[in-house]
Amino acid sequence: MPPLTARRLGLSLALLAAGLAACVAVCSSLGSSHYTLLDLFRHIPDGETARATILRVRLPRILMAALAGA
């Protein structure tokens, strides 16, 4: 295996960050309620409930799991 260069390190970190962002986006859209991450940007009748569910319940759990390395 070739040595780790600055370019390979940067590419590896960028791919890992993109994977983490994709996981956060997918996981924030999963749950027993039908709200998705896109509902934050849409004008839906129960938008406040969607915002509260995603921003106050799902995202903190996902971010803590990411910080813990789960």
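Looking only at the range 23-49, residues that are under 19 Å from A68 (Cβ atoms) and open to solvent by 50 Å² or more (accessible area, probe 1.4 Å) come to 4 in all.
Of the residues that make up the range 4-19, is at least one in contact (Cβ under 8 Å) with a residue 12 or more places away in the chain and open to solvent by 50 Å² or more (accessible area, probe 1.4 Å)? For the range 4-19, residues in contact (Cβ under 8 Å) with a residue 12 or more places away in the chain and open to solvent by 50 Å² or more (accessible area, probe 1.4 Å): absent.
The values are calculated or read from the model by the stated rules, or taken from the named source; none is laboratory data. On a predicted model such as this, the values are computed, not experimentally measured, just so you know. All Cβ positions, glycine included, derive from the backbone under ideal geometry; neighbour counts span all protein chains shown. SASA here: full protein model, heavy atoms, side chains in, ligands and nucleic acids out. Shrake-Rupley method; radii C 1.70, N 1.55, O 1.52, S 1.80 Å.
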